[in-house]
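The values are calculated or read from the model by the stated rules, or taken from the named source; none is laboratory data. Since this is a predicted model, take the numbers as computed values, not measurements. Note that each Cβ is placed from the backbone with ideal geometry, even for glycine, and that neighbours are counted across all protein chains shown.
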Amino acid sequence: MATTERDYYELLGISRGADEGDIKKAFRRLARELHPDVSAAPDAEERFREVVEAYEVLSKTETRELYDRYGHAGLRSGGFQPGHFDFGSLSDLFAAFFGDDLVGARARSRGPDLAAEVEIELVEAARGTTRKVPFRVAVTCTHCGGDGAEPGSEITTCPACGGAGRLQQISRSVFGEFVRTQACPTCGGSGRKIETPCTVCEGAGRVVEERRLDVDIPPGIHDGQQIRLGGEGHAGTLGAQAGDAYVRVRVRPDQRFVREGNDIFSTVDLTMTQAALGATVAVPTLEGGEEIEFEAGTQPGTIRVLRGKGMPVLQGFGRGDQRVFVNVVVPRHLSDEQRLLLHDFDAHADERTYKPDEGFFDKLKSAFR
């Protein structure tokens, strides 16, 4: 829903009778949660803009009265234009409540996350495995310690912002003063001026290097799931916390099995004579071959359930089952002698030969369940 259509009281989670203290308290709570310098949620920026817009309207008597009487249309006719914010003004509002620590977070900010991908076999997904995963990651420059200055050189206060890391511009309107704050373009929000940049990182405070991390993949993991490695992402600026690494696990298809949740499905081919006379046949499982005895008269489509032979429950207990679907192979190429033998067999067959076992279909339905 567009911002102009959202109810401001609903956005802040307050009633229409809320007083100034309730409005401020609701805004503080949501701002701490949603500020894009703090939240990693992809929609944090848009949600934070909505909350700030609601606060700007409801925290001022004039705009709140307009909104209560005439809604969004009344605000527009009164000259208020919601939604036109930049992160300078947002940071100023945030600083008014929480000080400068989070406003300066862009200068000293947590490192970005990074992503990688690893492929494993289905059998490895069942057992669990460890893989070395390569990353290209930004790490703190050891030559300068991450401050971006050549060791022994001087770091001075930025002359443009006086070390604040931001610049403010105040404008006045019929609704009062609006303060616009933006990161200082001279120092990039750090509040410092580096006289001699580090010769290794060229003043960035970070360098990129190749790393290989051991990633423990737990048994039962599903294709496409991610493993989070806390603090293994890119280094933060000016000593801030590093980001996280996310490893997406791709499980290669196995031609022998189909996975459904924690159960796996496979097929076994029986010849016509094996199905008729009974046979013991080796079938593949996640733990190797296992011999299964099929009784005489086994029908096509019969399902044998191997309890506990499926995938382990991820971060839990127990395992799924393996369901083996019987396929009866009908001969395609017969010799004259074989053809005569089948004709002779067919001539001696009667209704009893093909009579189904009592309860066969009930057994089949039970197997499917």
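Summary table below
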| item | result |
| --- | --- |
| Flag if residue 219 is surrounded by 14 or more Cβ atoms within 10 Å (Cβ to Cβ), part of a strand (DSSP E or B) and of a type outside the set (D, E, K, R) | no |
| Failed criterion for residue 125 (all others in (1) in contact (Cβ under 8 Å) with a residue 24 or more places away in the chain; (2) under 28 Å from residue 312 (Cβ atoms); (3) part of a strand (DSSP E or B) hold) | (3) |
| Residue within the stretch 181-194 that is closer than 30 Å to residue 76 by Cβ, surrounded by 11 or more Cβ atoms within 10 Å (Cβ to Cβ) and not aromatic (Phe, Trp, Tyr) present | yes |
| Selection status of residue 202, modelled with pLDDT of 85 or more and more than 30 Å from residue 320 (Cβ to Cβ) | yes |
| Residues within the stretch 19-48 that are modelled with pLDDT of 80 or more and in contact with a helix residue (DSSP H, G or I) (Cβ under 7 Å, 6 or more places away or on another chain), tallied | 7 |
| Within the stretch 298-316, considering residues that are in a loop (DSSP other than H, G, I, E, B) and of a type in the set (D, E, K, R), the one farthest from residue 356 (Cα to Cα) | 309 |
| In the stretch 256-297, the residues that are part of a strand (DSSP E or B) and among the polar types (S, T, N, Q) | 266, 267, 271, 280, 285 |
| Answer residue from the stretch 178-216, given it is among the β-branched types (Val, Ile, Thr) and within 18 Å of residue 165 (Cβ to Cβ) and is nearest to the chain's Cα centre (by Cα) among those | 181 |
| All positions within the stretch 227-262 that are closer than 25 Å to residue 316 by Cα and free of Cβ contacts under 8 Å to residues at least 60 places away in the same chain | 227, 228, 229, 230, 258, 260, 261, 262 |
| Residue within the stretch 232-255 that is aromatic (Phe, Trp, Tyr) and either within 30 Å of residue 66 (Cα to Cα) or part of a loop (DSSP other than H, G, I, E, B) (or both) present | no |
| Members of the stretch 131-154 that are within 12 Å of residue 200 (Cα to Cα) and of a type in the set (Lys, Arg) | none |
| Residue, farthest from residue 21 (Cα to Cα), within the stretch 46-79, restricted to residues that are crowded, with 18+ Cβ neighbours inside 10 Å and among the hydroxyl-bearing types (Ser, Thr, Tyr) | 67 |
| Elements of type strands (runs of 3 or more DSSP E) contained in the stretch 142-195, each with 3 or more residues being out of contact with any Gly (no Cβ under 7 Å at 6 or more places or on another chain) and either at pLDDT below 85 or more than 30 Å from residue 61 (Cα to Cα) (or both) | 166-173, 176-183 |
